[in-house]
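What follows is one structure encoded as structure tokens, with my remarks underneath.
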Amino acid sequence: MSLTFASRLGLLAVPLLCAVASSAAAIEPFVLVDSNGKTVGPILDMPHGDSHMARIPFRVGNQRITLVMAPGGLTGSGTVYFEADTCSSQPYMLASGGLLTDIEYTRDRALVPDGPARLVSVRSFSSTLSGGCTRLPTPDHDPYLPARDLVGLSTRFTPPFRIQASDEVIDLDVPAN
């Protein structure tokens, strides 16, 4: 690469970096706050493009997870599997293999993996869509991850939730006009 080309590239990169920095500085981060004013966490995004749900990052031990919260609390879209036909034994979950730790959650519980996948005979499942416990006509023999409940979020945060601008905004100390 010639020195002339590198200097031209540098001349183009500086305005681009300044434009990106100035547009990023104009966007304030937002946090989810409970009804008592306690911060639930920073909002990563709003999965459905509106303010009815927000994805919030959490850490459980050394695992990083995200939960989707709605104004009334944790939203459910997951399925939890059981060896017993009454949804009452050890809970299991499917492994998604994504970058973040797998998590399953229904409206009343959130679960994270608790060990490696193993072959189990699943006889029932619980999901938000099924509206409770559904018994399988024949057991499903597949690898599932044993799961454990997270700490009860309802004991830490009180719905309804609201979105609020974060105080953690970097001030560039530049006049507005």
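Could you pull out every residue, at least 5 positions away or on a different chain, whose amide H is within less than 5 Å of the one on LEU136? Hs are placed 1.01 Å off N in the peptide plane, and Pro or chain starts have none.
Long-range HN contacts for LEU136: SER124, PHE125.
Using r as the Cβ-Cβ distance of THR138 and VAL174, and R0 as 45 Å, what FRET efficiency do you calculate, to the nearest 0.05?
0.10
Expressed in nm to one decimal, what extension gain is obtained for the pair GLN63 and ALA84 from 0.36 nm per residue of sequence separation less their Cα-Cα distance?
Stretched out fully, the GLN63 to ALA84 stretch lengthens by 4.8 nm.
Every number here is computed from the coordinates shown, using simple stated rules; none is lab data. All of these numbers come straight from a predicted model, not from anything done at the bench. Using ideal geometry, Cβ is built from the backbone for each residue, glycine included, and neighbour counts are taken over all protein chains shown.
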